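*Asks:* Structure in structure tokens, see below.
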Amino acid sequence: MIAYAKFEVLRTLHNVRYLVFVVVMPVVFEVIWMKQGPGVTAAMAVYAATGAGLLGSGNTIAEDRATGWLRQLRVTPLSDRAWLLGKIVQGLLTVIPGVLAVVLVGTFAMNFERWPLLVAVAVVGSLPFVLIGVFAGTLFRGKTAVLALSVLFFALMFVGGVIGGETIWSYAPTYSLMSLGQHVLASQPIEAGPLLNLGAWTVLAAAAVLLRWRRA
Amino acid sequence: METRFDQVSYRYGSVPALTGVSFTVPSGQTVALLGANGAGKSTAVDLLLGLKRPRSGSVTVLGGPPHDAVAAGRVGALLQTGGLPTDSTVHEIVALACALYGKRRTTAEVLDLAGLKEVRRRKVDALSGGQKQRVRFAVAMAGEPELLFLDEPTVALDFKARRQFWRSVKALGNTVVFATHYLDEADEYADRVIVIDKGQVIADGSPAQVKGDKSLEHALVALTEGAE
């Protein structure tokens, strides 16, 4: 599983679209809006975590189903479980570059003391997005998955108040993750509400993956 | 240990793909499954690899269920529909394949055997069709399999590349089952030819026996013409 996860991480890092969309863009947005305060760093960390989480694994699963690489893997000793675990680990690891870049840029400008905790919270908090990405990858093939995940990404950004200014739906996982990030940067204790909400999203997404993954 | 198809039937919905097919592949033999497109060859390979389950009959690979042989890394496969990840380099793909098998060749050894040393740093989307096929072959033989399944392995290759490919396969000395619609390929490289037509075995013997069977003339002419 480790060899497979390593292979998939390298593959993602070769992908220019990934680097532009979930590493460069949130950093650029942060630099543009940084004057508005620390909340922008938390929001852009959520942008990077959500984007990489949803698209990192989901895209490649859909692509592999369409091209036949998944069939080829099925006739190697890589077990179905190791494949699934490898995809989840890949999703979590590919969240790190974007989140780290955003948080380091914010820390350079605003001197955050608890920046390592923000990185940890954003990476661990991306788990439900990774699972949603895996589910979508097993549901859609090829470009359809890219489209579906891109629409979902912008919808979650918007309803969670990460972009657009106002929070429309406070149960959105993006809102909960941003709320946790803001509390970390403000050196305030982490509240139970956002944690529970993210936990519930994780359980739901995991259930969806378990129902669907063997049919991929 | 034997690989065996015993009265195997498979259908896609109401369309039969294989009907009561039986054959045995002894260790060390190179067996061609010869037939036109849609004859049922790829379905047979999928069943041998455990990618499909027979509706009736049984499939045994190296003395056990296909899935066990695959999970133990005892078989290698080059699939007609097996794609490659375009963002990865040749070296990364071959290194992964080597890592997935317990009993394994080194990455450098596999790259060398498959003739991929020169292009090992290239991404898949920068390779020619023939080079991609060699990467698929490298993945198939990375684990030193006892049994190789090759589904239309030379379909995208020119004459010279086909000869090189078969030289590499023969050098491995494995038991090989390959599906092809090229009569000349079956004739030249197989020890035994199983002709499949409309999901049924219509002939099973040495290349000379099959070519000399007058009752197969019509089917073989169709294959020769189809390949041209």
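*Asks:* With contacts defined as alpha carbon pairs under 8 Å and 6 or more residues apart, what's the relative contact order of chain B in percent? Can you show the working numbers first?
*Replies:* Values: 438 pairs, mean separation 60.2, N = 228.
Once normalised by length, the contact order is 26 percent.
*Asks:* Give, in nm to one decimal, the length gained when the segment between B:S14 and B:N37 is fully stretched (0.36 nm per residue of separation minus the Cα-Cα distance).
*Replies:* On the way: separation 23, 0.36 × 23 = 8.28 nm, distance 1.88 nm.
Here the answer is 6.4 nm.
*Asks:* Continuing with this model, one more query. Taking θ as phi - 60°, what are the ³J(HN,Hα) couplings along the stretch B:192-205 by the Karplus curve (6.51, -1.76, 1.60), each to the nearest whole Hz, with x for Gly and Pro?
*Replies:* 8, 10, 10, 8, 10, 9, 6, x, 10, 7, 9, 7, 8, x
*Asks:* Here is a further query. Using only alpha carbon pairs under 8 Å that are at least six residues apart, calculate the relative contact order of the stretch A:61-180 and give it in whole percent. Provide the component values of the computation, followed by the final result.
*Replies:* Working: 95 pairs, mean separation 30.7, N = 120.
In percent, rounded to a whole number, it is 26.
*Asks:* Check every DSSP H run in chain B and write down those whose alpha carbon atoms cover 30 angstrom or more along the long axis and whose mean Kyte-Doolittle hydropathy is 0.0 or greater.
*Replies:* Details: long enough: none.
The answer is none, since no helix passes both cut-offs.
*Asks:* About the Cα centre of the stretch A:2-215, what is the dipole size in debye to 20, counting +1 per Lys and Arg Cβ and -1 per Asp and Glu Cβ, all else neutral?
*Replies:* Details: 15 positive and 8 negative charges, 181 e Å.
Dipole magnitude for the stretch A:2-215 comes out near 860 debye.
*Asks:* Could you work out the relative contact order of chain A, using alpha carbon pairs under 8 angstrom and six or more residues apart, expressed as a whole percent?
*Replies:* On the way: 330 pairs, mean separation 56.5, N = 216.
The value is 26 percent.
*Asks:* Got a sec to turn the phi values of the stretch A:198-211 into Karplus ³J(HN,Hα) couplings, 6.51 cos²θ - 1.76 cosθ + 1.60 with θ = phi - 60°, whole Hz, x for Gly and Pro?
*Replies:* 5, x, 5, 4, 5, 4, 4, 5, 5, 4, 4, 4, 5, 6
*Asks:* Tell me, in nm to one decimal, what length is gained between A:V16 and A:K143 on full extension, where the rule is 0.36 nm per residue of separation less the Cα-Cα distance?
*Replies:* Extra length available between A:V16 and A:K143 comes to 44.1 nm.
*Asks:* Okay, next question. For the stretch B:1-123, what mean projected area does the convex hull of the alpha carbons give, in nm²?
*Replies:* Value for the stretch B:1-123: 9.1 nm².
*Asks:* I've got another one for you. When all C-alpha to C-alpha distances in the stretch A:2-215 are sorted into bins of 5 Å, what percent of pairs does each bin hold, rounded to whole numbers?
*Replies:* 1, 8, 16, 21, 20, 15, 10, 6, 3, 1, 0
*Asks:* Let me ask something additional. From Cα coordinates alone, what are the radius of gyration and Dmax values for chain B in angstrom?
*Replies:* Expressed in Å, the Cα Rg and Dmax of chain B come to 17.3, 51.
*Asks:* Per 0.36 nm of contour for each residue apart, how much would the distance between B:D6 and B:D184 grow if the chain were fully extended, relative to their Cα-Cα spacing?
*Replies:* Between B:D6 and B:D184, full extension yields 61.3 nm more.
*Asks:* Let me ask something else about it. Let's test the formula: R0 of 45 Å, r as the Cβ-Cβ distance of A:L104 and B:E144. What FRET efficiency results, to the nearest 0.05?
*Replies:* Calculated transfer efficiency: 0.45.
*Asks:* Pop out the ³J(HN,Hα) list for the stretch B:11-18 in order, Karplus 6.51 cos²θ - 1.76 cosθ + 1.60 with θ = phi - 60°, rounded to Hz; leave Gly and Pro as x.
*Replies:* So the Karplus estimates, Gly and Pro as x, are 9, 9, x, 9, 8, x, 9, 9 Hz.
*Asks:* Enumerate the amide H contacts of B:D204 below 5 Å, restricted to partners 5 or more residues apart or on another chain; note that Pro and chain-start residues carry no placed amide H.
*Replies:* Result for B:D204 returns B:V195.
*Asks:* What is the set of long-range amide H partners of B:T3 at a cut-off below 5 Å, with H atoms built 1.01 Å from backbone N?
*Replies:* B:V25, B:L62
*Asks:* Please work out the Cα center distance from the stretch B:77-99 to the stretch A:123-183, rounded to the nearest Å.
*Replies:* Each part's Cα centre sits 31 Å from the other's.
*Asks:* Compute the distance from the alpha-carbon center of the stretch B:131-193 to that of the stretch A:1-70, in whole Å.
*Replies:* Answer, in whole Å: 39.
*Asks:* How large is the Kirkwood hydrodynamic radius of the protein assembly as shown, counting all unique pairs of alpha carbons, in Å?
*Replies:* 24.0 Å
*Asks:* Moving to a separate point now. With the crude spin-label approximation of a point 7 Å out along Cα→Cβ, what separation in nm comes out for B:R122 versus A:I32?
*Replies:* 3.9 nm
*Asks:* Restricting to DSSP H runs of at least four residues, report the calculated mean residue ellipticity at 222 nm for the protein assembly as shown, -39500 (n - 2.57) per run over all residues, nearest 500 deg cm²/dmol.
*Replies:* -17500 deg cm²/dmol
*Asks:* Among A:S176, A:S79, A:S57, determine the one that fluctuates most according to a GNM of chain A built with springs between C-alpha atoms less than 10 Å apart.
*Replies:* It is A:S79.
*Asks:* Which far-off residues, 5 or more places away or on another chain, put their amide H under 5 Å from the one on A:I163, with H placed in the peptide plane?
*Replies:* A:F158
*Asks:* Might you tell me the accessible area per residue for chain A, computed with a 1.4 Å probe and given in Å²? Could you put the intermediate results ahead of the total?
*Replies:* Numbers: 9520 Å² over 216 residues.
It amounts to 44 Å² per residue over chain A.
The values are calculated or read from the model by the stated rules, or taken from the named source; none is laboratory data. Everything quoted here is computed from the prediction, not taken from an experiment. Quick reminder, even Gly has a Cβ in these numbers, built from the backbone with ideal geometry, and neighbours come from all protein chains shown. Ligands, DNA and RNA are stripped out before the accessible areas are found, and what is left, the full protein with its side chains, is counted by its heavy atoms. Shrake-Rupley method; radii C 1.70, N 1.55, O 1.52, S 1.80 Å.
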